[in-house]
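The values are calculated or read from the model by the stated rules, or taken from the named source; none is laboratory data. Being a predicted model, the structure only gives us computed values, none of them experimental. Counting neighbours? That spans all protein chains shown, and the Cβs are built from the backbone with ideal geometry, glycine included. With ligands, DNA and RNA removed, areas are computed over all heavy atoms of the protein, side chains included. Shrake-Rupley method; radii C 1.70, N 1.55, O 1.52, S 1.80 Å.
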Amino acid sequence: MMAWFVEARDPYTGGHLWRVSRYARLLGEEIGLPAADVARVSLGGFLHDLGKIGIPDAVLRKSSALDESEYNVIRTHPDLGWRMLSGHPLADLVKEAVYSHHERPDGKGYPRGLRAGEIHLDARIVGVCDAFDAMTSSRPYRAGMSRGQALAIIQSQSGSQFDAELARQFIELGRRGLLDHVMGHSDDGIPLQECPVCGPTLVIKRGQQPGQHIYCRNCGGEFALESADDTAKLVARPTGRVGSSQQLLPDADHELIRKVVVETASNITIALTMLGDGQMLDRQA
Ligand SMILES: [Fe+2]
């Protein structure tokens, strides 16, 4: 639920948290992590940008280049996310993904400027996945890159911005087409739909039916869901209307959140250990 506050806050990033979580799971499995570690890094991917809820709109939603002082504001989000989470009894599970996902092996990352060997694996995994999703996602002011372009950039920054071995394995996953079912999607089997004004920004929730309306969170345009001719999938057709302020309220996708929690909770045994720890229980109290 806390992760979803970020989706509610920033309409440009529909499905970003889910995709980063999915990519992190795929990369974790690819490098042979045990199931508990895969679950933890996938949860970290879901929560990594939590601190963005504290970034002012003027910076978070600015469509042109940020100046140095604005960039300094953006750079506070890992620290802010960790401060907000740190009182939670299970916060340590996602600490590294939240606090260190913008650290870089060459020491030019933030907030601490850690170097290669000092950056936790979870943060290095989420760092690659987050960057790939940012590059391949469309924003109102620019179209997303192709898979090949984004992978080429990861290759070119391997060892400097990205962990070299993780970059190699992620590129390999991409070349084998194993990221394609996540790219441009907001849930398993549910591709983002295209707003003619803003690009692929329309999120359909599982269980939505033909005839229901959805709205572009960027321009407010209304779309009616229809069954596609050749598949069971839904497509969004513009109605020409703009949603009311009530209709444009963000909504949490409770079913997707529940799915993410169930997938991870069933594999994370450390949670029980932590809850049994006297110190953690004190903090909880
Ligand atoms: Fe971030």
Report summary line: Note: probe point = Cα of S156 + 7 Å toward Cβ; backbone nitrogen < 12 Å; residues of the stretch 168-190 passing the test are none
Query raised in the report: Which whole-percent values make up P(r) of the stretch 40-96 when all C-alpha to C-alpha distances are grouped in 5 Å steps starting at zero?
Result: 4, 19, 25, 20, 13, 11, 6, 1
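Please work out how much length the chain gains when fully extended from A116 to E172, using 0.36 nm per residue of separation minus the C-alpha to C-alpha distance, in nm with one decimal. Provide the component values of the computation, followed by the final result.
Values: separation 56, 0.36 × 56 = 20.16 nm, distance 2.13 nm.
Working it through step by step, the gained length comes to 18.0 nm.
Please give the contour-minus-distance gain from F5 to V73: 0.36 nm per residue of separation, less the Cα-Cα distance, rounded to one decimal in nm.
Computed gain between F5 and V73 is 22.6 nm.
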**Report entry** For S160, solvent-accessible area (1.4 Å; no DNA, RNA or ligand), Å²
**Finding:** 30 Å²
Requested in this report: Specify whether the C-alpha gyration tensor of the stretch 166-221 places it in the rounded, prolate or oblate class, a ≥ b ≥ c being the square roots of the eigenvalues: rounded for a/c under 1.5, otherwise prolate if a/b is larger than b/c and oblate if not.
Outcome: prolate
Requested in this report: Calculate, for the chain, the solvent-accessible area per residue in square angstrom, rolling a 1.4 angstrom probe over the heavy atoms of the protein chains.
Outcome: 47 Å²
Requested in this report: Project the alpha carbons of the stretch 190-242 onto their principal axes and report the range along each, largest first, in whole Å.
Outcome: 27, 18, 18
Query raised in the report: Under the Karplus relation 6.51 cos²θ - 1.76 cosθ + 1.60, θ = phi - 60°, what is the ordered set of whole-Hz ³J(HN,Hα) values for the stretch 141-153, x standing for Gly and Pro?
Result: 9, 6, 7, x, 6, 6, 4, x, 4, 5, 5, 5, 5
**Report entry** Inter-label distance for E30 and L249, nm, one decimal - labels placed 7 Å from Cα along Cα-to-Cβ
**Finding:** 4.1 nm
Report task. Determine how many Å³ per residue the convex hull of the Cα atoms of the stretch 68-109 encloses. Result -> 56 Å³
Query raised in the report: Just the accessible area for K108, please: 1.4 Å probe, Å², rounded to the nearest 10?
Result: 150 Å²
Report task. Note down the relative contact order for the chain as a percent, whole number, built from C-alpha pairs under 8 angstrom at least six residues apart. Result -> 18 percent
Report summary line: Applied in sequence order to the stretch 36-50, the curve 6.51 cos²θ - 1.76 cosθ + 1.60 (Karplus, θ = phi - 60°) yields integer Hz couplings, x standing for Gly and Pro, of 5, 6, 4, 4, 5, 6, 5, 5, x, x, 5, 9, 4, 9, 3
Query raised in the report: What residues qualify as long-range amide H neighbours of V182, i.e. H under 5 Å apart, gap of 5 or more or another chain, H built at 1.01 Å from N?
Result: none
Query raised in the report: All other residues with a Cβ under 13 Å from the Cβ of V73 taken together, and with Lys, Arg as +1 and Asp, Glu as -1, what is their net charge?
Result: -1
Query - Relative frequency of Cα-Cα separations exceeding 24 Å in the stretch 8-128, percent - result: 26 percent
Query raised in the report: Placing +1 at every Lys and Arg Cβ and -1 at every Asp and Glu Cβ, with all other atoms neutral, what dipole size does the stretch 51-148 have around its Cα centre, in debye to the nearest 20?
Result: 220 debye
Requested in this report: Answer with one residue from G44, A8, V59: the one whose Cα lies farthest towards the positive end of the charge dipole of the stretch 8-67, charges on Cβ with Lys, Arg +1 and Asp, Glu -1.
Outcome: A8
Report summary line: If one builds a Gaussian network model of the chain from Cα atoms under 10 Å apart, the most fluctuating residue listed among P111, P78, P34 is P34
Report summary line: Here the gain from full extension of V242 to D188, 0.36 nm per residue of separation minus their alpha-carbon distance, amounts to 16.6 nm
Requested in this report: Under a 10 Å cutoff between Cα atoms, tell me which one of C129, C219, C198 has the largest fluctuation in the Gaussian network model of the chain.
Outcome: C219
Requested in this report: Grab every C-alpha pair in the stretch 63-213, bin the distances at 10 angstrom width from 0 up to the longest one, and report whole percents.
Outcome: 10, 31, 36, 20, 3, 0
Query raised in the report: For the chain, what are the per-bin percents of Cα-Cα distances with bins 5 Å wide, up to the bin holding the maximum?
Result: 1, 5, 11, 16, 19, 17, 13, 9, 5, 2, 1, 0
Report task. Taking the Cα centre of the stretch 190-242 as origin, sum charge times position over the Cβ atoms of Lys and Arg (+1) and Asp and Glu (-1), and report the length of that vector in debye to the nearest 20. Result -> 240 debye
Requested in this report: Rank M145, G174, H120 by how far each Cα sits towards the positive end of the charge dipole of the stretch 115-183 (+1 on Lys, Arg Cβ; -1 on Asp, Glu Cβ) and give me just the farthest.
Outcome: M145
Query raised in the report: Considering the chain as a Gaussian network with a 10 Å cut-off on Cα pairs, which listed residue, D188, D67, D49, attains the greatest mean-square fluctuation?
Result: D67
